[in-house]
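Worksheet for the structure shown next.
We did not get these values from a lab; they are worked out from the coordinates using the rules stated. These numbers were taken from a predicted model, which means no experiment stands behind them. Ideal geometry is used to build each Cβ from the backbone, glycine not excepted, and the neighbour counts take in all protein chains shown.
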Amino acid sequence: MIRDRKPKRFRRTITAGISIGAAVLLVAPWAQGWFYAPFSARRFAAAADNADASRAAVEVLRAGGNAVDAAIAASLALGVVSPSSSGFGGGGFALVCQPTGGRCTFVDFRETAPAALTIERIRNAANPSRASQVGGLAVGVPGEPMGFIEMARRYGRKPLSVSVGPAVRLARNGFRVSPFLADRLAQERPELQSNPAFASVFSRGGVPFSSGELLRRPRLATTLERYGREGERFVHGALAQAIESTVRAAGGVLTADDIRGYHSVERTPLSRVFRGATVVTAPPPSAGGVVLLETLAQYDALAARNLPLVSQTSATFHALADAFKHGFDDRARYVGDPGNSQLDRPSAVAESLLAPARLAQRHRTFDASRARPVVVIEPARDQGTTHLCVIDSDGMAVSLTTTVNLSFGSRVVVDSMDVLLNDQIDDFSLGTAGNNFGLANSTPNALAVGRRPISSMAPTIVLRDGRPVLAAGASGGPRIATATTQVILNVLAHGMNVEAAVASPRIHHQGAPDVLLVEREVSEDVRLGLRARGYQVQESDTPLAAATAISVGEIAGTRALFASSDPRKQGGAPAGE
Ligand code: DON
């Protein structure tokens with residue numbers, strides 16, 4: 001009856017609307033940019049910030065490898081195609097979750113301080129701030145080589161010789177330089193003039209490779225091939241010797257024995273139940289997981305006070321910024337390397353930082369209308385690092401972040417092997433003017449023999465009923481922690497799919513100077529709302545970190561994986577089948 005009373009023209013409009021809607025739904029998957037249509041796959045998926053690396057993971061999954069083998073393959077490929085961010089001469093963290101039972105482990109393959117490196121050596125250098133970033137003294141004991149051997153042995157299904165395959169091929173046959181790498185290389189012109197080993201890999205006669213050009217790295221191909229074939233024998237033998245002599249020639253003190261003494265450490269990850277899911281994340285020596293879980297706790301506390309937390313509003317960004325500032329303050333005061341014997345034991349420091357009573361006191365004094373001061377720190381710029389996620393056909397998930405620290409690490413290259421070494425020593429508190437990211441000096445993060453510096457890297461996996469349903473993480477210095485937190489909240493609290501969760505505009509606050517960075521896309525009203533609460537709002541001149549994520553869902557009742565590589569980092573794309 002009601003329908004009959006509607007005028008004919010209105011009915012025609014409705015019919016036309018429905019037809020157009022149906023057409024849009026049919027066309028939408030091909031009409032990129034119309035709305036967020038995440039990449040989907042049925043069996044397995046990988047999301048790295050470089051398409052070649054995502055494909056490397058998929059190649060190993062197709063060959064019967066599991067998520068761990070695939071994550072190793074993607075990481076090694078990234079060291080070839082995206083060497084400003086990560087590589088064989090660096091280190092990182094991997095969170096590995098089994099398909100069922102909520103069993104997750106955190107593999108810490110971060111660099112350590114060489115035995116002979118003292119703070120005085122750096123302080124006495126002609127330019128101490130530079131000494132911890134460029135040259136031999138900046139180099140920490142690389143963690144990737146042994147880390148991947150140990151990870152593959154414990155959790156992989158295929159020998160390392162299979163996982164190195166795609167990286168070897170990319171290095172030997174060449175790869176197209178991504179816009180991201182071209183941009184990084186363009187900024188290295190002075191280094192290319194003064195550093196022959198660096199220039200021999202990344203330039204033709206001092207002219208950096210540009211986007212789309214074919215770059216071959218035959219020496220690295222041979223290095224990776226030997227690594228795949230000989231494993232530990234190669235790492236402790238030829239590689240260790242070559243690194244020692246290169247670092248010594250570059251003014252450093254790292255020895256082959258430091259490399260022989262290096263092992264990855266398995267740690268119990270941190271976790272928190274949030275909106276019916278279990279969020280599993282990085283423990284110390286990362287501070288990223290602490291920031292993430294403190295922020296989830298803040299969301300829970302504010303929800304309990306009936307404060308609405310709607311995505312992309314000034315009220316929500318205020319809640320986030322407040323949690324971030326406190327998280328970074330905790331980092332600066334308390335977080336350090338918990339040591340090498342953490343297997344099966346959670347980090348005591350993180351547990352006490354996350355203690356409900358402690359956080360409740362902080363949440364009680366949150367004022368929804370006003371920012372509150374917190375001490376500490378300085379702003380930062382994005383440089384290197386890479387994050388990737390893999391979920392395999394059994395449902396095993398890996399979330400892995402790896403880095404050489406700043407762009408191209410120490411710029412020290414082992415010439416004969418084309419291995420670029422990290423500058424992770426800069427992540428220690430060296431008592432100098434604060435590190436590249438302006439993070440405050442702190443006693444728990446002081447340089448000490450064999451110690452790992454604190455990190456922001458926060459590979460994270462969310463479980464439901466003990467099964468991985470979401471993997472996420474980011475690159476971008478301290479912004480890793482705040483970006484990963486926003487991606488996780490966008491999915492779990494704001495109901496977004498992974499594509500939207502990764503792409504949505506972000507904010508960052510890391511304490512002091514008391515500046516709230518917002519991305520260009522954050523609207524003027526939101527900025528006004530934040531200023532009204534007392535924030536010093538500043539538009540960031542670079543995107544705030546680059547994230548990747550994979551979620552597990554369904555299409556028409558069948559399991560499907562949705563994957564996203566951040567549009568902020570050009571050249572990234574997921575892969576799967
Ligand atoms: O571990 C860390 O937190 C840093 N070494 C990460 C460096 C980084 O993300 C560089 N990019 N901005």
Task: Positive dipole terminus of the chain, leading residue within Ser211, Gly135, Gln424 (C-beta point charges) - done: Ser211
Task: Net charge of neighbours whose Cβ lies under 11 Å from the Cβ of Ala48, counting Lys and Arg as +1 and Asp and Glu as -1 - done: -1
Task: Options Thr386, Met496, Gly165, ranked by Cα towards positive dipole end of the chain, top entry (Cβ charges) - done: Met496
Task: Cα-only Debye scattering, the stretch 236-321: base-10 log of I(q)/I(0) at q = 0.12, 0.16 Å⁻¹ - done: -0.60, -0.73
TODO: Work out, step by step, the length gained on full extension between Thr313 and Glu554: first 0.36 nm times the residue separation, then minus their alpha carbon distance; give nm to one decimal.
DONE: 83.8 nm
Task: Difference of contour (0.36 nm per residue) and Cα-Cα distance, Thr100 to Arg153 - done: 17.1 nm
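Please give the net charge around Tyr155, taking every other residue with its beta carbon less than 15 angstrom from that of Tyr155, where Lys and Arg add +1 and Asp and Glu add -1. Spell out each step's value before the answer.
Values: positive: Arg103, Arg153, Arg154, Arg157, Lys158, Arg267; negative: Asp69, Asp108, Glu150, Glu266, Asp392, Asp394.
Counting the neighbours of Tyr155, the net charge comes to 0.
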Task: Point-charge dipole on Cβ atoms (K/R +1, D/E -1) for the chain, about Cα centre, debye to 20 - done: 1660 debye
- [ ] Would you compute, from DSSP H runs of 4+ residues alone, the mean residue ellipticity of the chain at 222 nm, taking -39500 (n - 2.57) per run and dividing by the full residue count, rounded to the nearest 500?
- [x] -11000 deg cm²/dmol
TODO: Could you sort 67-78, 227-238, 549-560 so that the peptide with the highest average Cβ count within 10 Å comes first and the rest follow in order?
DONE: 67-78, 227-238, 549-560
Open item on the list: Below 8 Å between Cα atoms, with a sequence gap of 6+, how large is the relative contact order for the chain in percent?
Closed with: 24 percent
Open item on the list: Can you find, among Phe437, Gly65, Gly261, the residue sitting farthest towards the positive end of the charge dipole of the chain, where Lys and Arg contribute +1 and Asp and Glu -1 at Cβ?
Closed with: Gly65
Task: Long-range HN-HN contacts of Gln538 with modeled amide H, under 5 Å - done: Leu516, Leu517, Val518
- [ ] Report the paramagnetic label zone for Ala360: residues of the stretch 261-286 whose backbone N is under 19 Å from a point 7 Å from Cα along the Cα-to-Cβ axis.
- [x] 272-275
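Please sort 250-260, 92-102 by packing, taking for each peptide the average over its residues of neighbouring beta carbons within 10 angstrom, highest first.
Working: 250-260: 20.1, 92-102: 22.2.
My ranking of the peptides, most packed first, is 92-102, 250-260.
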- [ ] Using only the alpha carbons of the chain, determine the length spanned along each of the three principal axes and report them from longest to shortest in whole angstroms.
- [x] 88, 52, 47
Open item on the list: Under a Cβ-only charge scheme (Lys and Arg +1, Asp and Glu -1), can you give me the dipole magnitude of the stretch 514-577 about the Cα centre, in debye to the nearest 20?
Closed with: 80 debye
Task: Cβ-Cβ FRET estimate between Arg189 and Val515, R0 fixed at 41 Å, reported to 0.05 - done: 0.85
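Could you give the length gained by full extension between Asn124 and Arg204, i.e. 0.36 nm per residue of separation minus their alpha carbon distance, to one decimal place? All intermediate terms of the calculation are to be shown ahead of the outcome.
Details: separation 80, 0.36 × 80 = 28.80 nm, distance 3.60 nm.
Residue separation times 0.36 nm, minus the Cα-Cα distance, leaves 25.2 nm.
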Task: Phi to ³J(HN,Hα) by Karplus 6.51 cos²θ - 1.76 cosθ + 1.60 over the stretch 520-530, Hz, x for Gly, Pro - done: 3, 6, 6, 5, 5, 5, 5, 4, 4, x, 6
Task: Cysteines in the chain lacking a second Cys C-beta under 4.7 Å - done: Cys389
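With a/c under 1.5 counting as rounded, go ahead and sort the stretch 445-577 into rounded, prolate or oblate using the C-alpha gyration tensor (a ≥ b ≥ c being the square roots of the eigenvalues; past the cut-off, prolate if a/b is larger than b/c, else oblate). Intermediate values should be presented prior to the final figure.
Working: a/c = 2.03, a/b = 1.28, b/c = 1.58.
Judged from the Cα gyration tensor, the stretch 445-577 comes out oblate (a/c at least 1.5, b/c at or above a/b).
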